[in-house]
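Reading through the structure tokens given below for one structure.
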There are 2 protein chains.
Amino acid sequence: MKALSIKDIAVKANVSITTVSFIINGKAKEKSISEAVIEKVEKIIEESGYKPNQIARSLRTGNSNIIGLIVEDISNSFFAKIARLIEDKAYKRGYKIIYSSTENSIAKAQELINMFKSRKVDAYIISPIKGLEEDIQILLNDDKPVILFDRNLPDLSTNYVGANHFSASYQSIENFIEQGKKKIALVTTDIDVQQITERLEGYKKALVDYGLPYDESLVLKIHFNQDEKDTISQMESLFKDQQIDAVLFATNYLAISGLKVLKQIKKQIGADFSVIAYDDHEAFELHTPGISTVQQPLEEIAENVIQLILSQLSSKSKLPNQQIIIPAKLILRD
Amino acid sequence: MKALSIKDIAVKANVSITTVSFIINGKAKEKSISEAVIEKVEKIIEESGYKPNQIARSLRTGNSNIIGLIVEDISNSFFAKIARLIEDKAYKRGYKIIYSSTENSIAKAQELINMFKSRKVDAYIISPIKGLEEDIQILLNDDKPVILFDRNLPDLSTNYVGANHFSASYQSIENFIEQGKKKIALVTTDIDVQQITERLEGYKKALVDYGLPYDESLVLKIHFNQDEKDTISQMESLFKDQQIDAVLFATNYLAISGLKVLKQIKKQIGADFSVIAYDDHEAFELHTPGISTVQQPLEEIAENVIQLILSQLSSKSKLPNQQIIIPAKLILRD
DNA sequence: TTGATGTAGTAAAACGATTTACTATAACCA
DNA sequence: TGGTTATAGTAAATCGTTTTACTACATCAA
């Protein structure tokens, strides 16, 4: 049982294919199709359950109503939640999302971009990694809307939506210092992206502003896709060897590993030892004691991303690039 | 700068479009194209960076190399993780995933199926809800591979991959009973799917087998998409009013809400009060004390789903339906 | 020499829509 | 009356592939 085509509808209604097409696309009025014909055709479409073949449509019009979403790892709760919000909002506007995870591999990301390109996606939402600049520039040269989020590539002039990581990190350290902490560690990753660098910069600046020394041995840079076992042993030695009284984790999965370590070595979080995690997670709220976190405004990020995409898609002239920086919130728990 | 087409390549190589197409699709040998021509064309393709337009390809061949994935909520960590595993495995075999969340709405799920249909996805992976039987049957009549996972629809004869929920639930209760628990509660949802019903059945059966009474007031059925506030207050009264000494949560998000309640009302988990959660979550491992959980074998589920899809896609004759039930593991923590 | 078989390749139809340029009739006005 | 405009609609080109059916020539066997 083959699917119905526009031709079948045309034959049934005894009108031309063109007429049916005009009606489907709401151009009937402007193309002066009579009310009677419109009704007849619509009735037939309704009754037969005909749905236009989107592939044929895409081939002809050159756009697919699909938005490509490229993230580091869709199973990370931060990306999963953003993806869900973006999907919802896109869906309401008639766009579908097709996504993939890069696993922080440039090669995989490039492949993905090519794949999306050959599928003629209308726009790209990318949480990029360094090394992708050229590939993204090609998309931009093609006049495809590209929105970077979470991470920026400063060499590229395009749209970006992200949180103010510098200030969030600064505030976190400030909070530690106000509690009287002296030896504050930072556990971060070695991914070379602005968003991560900013977190380090905020950390440094806060220390300096409050007259504390910046001590490199208190900054642990975890290699981005190493085994969790190694991560855990690195953190273990950091926490054991140094007289640390506070630690800021620069990502939620690092914080989760970190909390596992603390549990293992039975180090109590409390008055003597404070923790702040980056990006909220159910585990932080439920933890005893509750773990303070830097909360990125997911809803706002998603909304801004979609707004940027839609305004670009609907305007034929190139819009000026926007860099939208949204403040992150420090949620204190005890 | 328009993208290159097969025609551009044909002109450059001074051969016909047909020849180029044969070469691209590895049919050169069988169509007796000379080695010299093959090399020439491949060189030009390589140098020009030509990539076939997948849309045109799909239109002609009727398949898209896209697999549609429909889940309840992609931001739920269970689905996010499964999605990531499925995506990885599909990607390695040249398939892309396009996904969407149903939010447990039949209407949305139907819309999604239609959307996927008009996009000509090659196969469907669906975590279904009741009320979708007819729509899925239509796909089956169309000879499209459909794999249900996590939840089954018994009225439908198709492929299914899921965990053994009855036995997992039974074991959990058994474990409570062996610890000497007498008043064991079950917090579940009112979604009417087999997977949820089985968890209830396992609960009942274990009680009966061990000579404990089945008490309806100990089973709390939470309405599936109600506000978390309401859920929390319902659980609160369950935990406060009854002399419960153990509780099994039938989903991970219910367990998370439940743990919040326990924290709020300062009820300690320990010797007097045991908890088991369904579907693991980082929060359970980190919780103090650690929360025991029923772990579904995500990797195995994903692998079986993909295997089923691929074998269906590669065989032209209809394969017999398979129901793959994988044991879930009870992970005890303290 | 003829018919069969193999080699090397091509022309054109088809997939299912959109869109441009066109026709035919009616209505209107000066 | 004839020219213009509005109304109602259609034929055919097009998007970029795949695939079927074909041609043209060479070789071989009988």
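The values are calculated or read from the model by the stated rules, or taken from the named source; none is laboratory data. For clarity, every value in this text was computed on a predicted model and none was experimentally measured. Glycine also receives a Cβ, built like all others from the backbone with ideal geometry; neighbour counts cover every protein chain displayed. Note: accessible area is taken over every heavy atom of the protein model, side chains too, but ligands, DNA and RNA are not part of it. Shrake-Rupley method; radii C 1.70, N 1.55, O 1.52, S 1.80 Å.
Miscellaneous remarks
- Over all other residues within a Cβ to Cβ distance under 12 Å of A:L286, the charged ones net out to -2, with Lys and Arg as +1 and Asp and Glu as -1.
- Using θ = phi - 60° and Karplus 6.51 cos²θ - 1.76 cosθ + 1.60, couplings along the stretch A:219-225 (whole Hz; Gly, Pro as x): 10, 10, 9, 8, 5, 5, 10
- Treating r as the C-beta distance of B:S21 and B:R93 and R0 as 22 Å, the FRET efficiency rounds to 0.45.
- For a label point 7 Å along the Cα-to-beta-carbon line of B:T288, residues of the stretch A:234-278 with backbone N under 13 Å: A:259-275
- DSSP bridge orientation in the stretch B:208-334 - percent antiparallel, rounded to nearest 5: 35 percent
- Around B:N304: net Lys/Arg minus Asp/Glu count, Cβ-Cβ under 14 Å: -3
- Copies compared at A:T18 - label distances in nm, ascending, label defined 7 Å from Cα in the Cβ direction: 3.3
- Of A:T102, B:S21, B:V11, farthest towards positive along the dipole that unit charges on Lys, Arg, Asp, Glu beta carbons give the protein assembly as shown: B:V11
- Pairs of Cα atoms nearer than 8 Å and 6+ residues apart set the relative contact order; for the stretch B:180-334 it is 21 percent.
- Within 10 Å of the Cβ of each residue in B:251-263, the mean number of Cβ atoms contributed by other protein chains is 2.
- A point 7 Å from Cα along Cα→Cβ stands in for A:E35, and the other copies hold the same point at 7.4 nm, listed in rising order.
- Teacher prompt: A:Q243 distances to equivalent labels in other copies, 7 Å Cα→Cβ, nm: 5.3
- Rounded to the nearest Hz, the phi-derived 3J(HN,Hα) couplings of the stretch B:284-298 under the Karplus curve 6.51 cos²θ - 1.76 cosθ + 1.60 (θ = phi - 60°) are 6, 5, 7, 4, 10, x, x, 9, 5, 9, 8, 9, 7, x, 4, where x marks glycine and proline.
- Taking amide H as placed 1.01 Å from N in the peptide plane, the amide H of B:T189 sits under 5 Å from that of B:I222, each at least 5 places away or on another chain.
- Other-chain or far-sequence residues with amide H under 5 Å of B:I326's (modelled H): B:G162, B:A163, B:N164
- Gyration tensor verdict on the protein assembly as shown (Cα atoms; rounded if a/c is under 1.5, prolate if a/b is larger than b/c, oblate otherwise): oblate
- Translational diffusion of the stretch B:12-167, estimated by Stokes-Einstein from the Kirkwood radius over alpha carbon pairs at 20 °C in a medium of 1.002 mPa s, is 118 µm² per second.
- Charged neighbours of B:V15, selected by a Cβ distance under 15 Å, balance to +2 (K, R count +1; D, E count -1).
- Rounded, prolate or oblate (a/c below 1.5 giving rounded, otherwise prolate when a/b exceeds b/c) for the stretch B:142-203 by Cα gyration tensor: prolate
- Here the Debye sum runs over all C-alpha atoms of the stretch A:239-291 as equal scatterers in vacuum, and log10 of I(q)/I(0) at q = 0.15, 0.24 Å⁻¹ comes out as -0.36, -0.96.
- In this simple spin-label approximation, B:T197 and A:N14 carry label points 7 Å from Cα along the Cα→Cβ vector, and these lie 5.1 nm apart.
- Average projected area [Cα convex hull, the stretch B:192-334], square nanometres: 10.8 nm²
- Amide proton proximity set for A:F149, modelled H, under 5 Å, gap of 5+: A:I126, A:S127, A:V161
- Placing +1 on the Cβ of every Lys and Arg and -1 on the Cβ of every Asp and Glu, with nothing else charged, gives chain B a dipole about its Cα centre of roughly 1400 debye.
- B:D8, B:D334, ranked by accessible area, largest first (probe 1.4 Å): B:D334, B:D8
- Structural size metrics of the stretch A:150-253, computed from C-alpha coordinates, are Rg and Dmax of 14.4, 44 Å.
- Since only B:F166, B:L112, B:N152 are under comparison, the one whose Cα sits farthest along the positive direction of the charge dipole of the stretch B:100-207, derived from C-beta charges on Lys, Arg, Asp and Glu, is B:F166.
- Solvent-accessible area per residue for the stretch B:283-334 (1.4 angstrom probe, square angstrom): 51 Å²
- Dipole in debye (nearest 20) - the stretch A:96-216, about Cα centre, beta carbon charges: Lys, Arg +1; Asp, Glu -1: 360 debye
- Choice from A:S233, A:S157, A:S34 with maximal GNM fluctuation in chain A (Cα, 10 Å cutoff): A:S34
- Anisotropy class of chain B from Cα gyration tensor, a/c 1.5 cut: prolate
- For the stretch A:203-210, the Karplus equation 6.51 cos²θ - 1.76 cosθ + 1.60, evaluated at θ = phi - 60°, returns couplings of 4, 4, 4, 4, 4, 4, 4, 9 Hz by residue, with Gly and Pro reported as x.
- Listed cross-link partners A:K81/A:K120; B:K130/B:K204; A:K117/B:K31; B:K205/B:K329 are compared with a 27 Å cut-off, the Cα-Cα value being larger for A:K117/B:K31.
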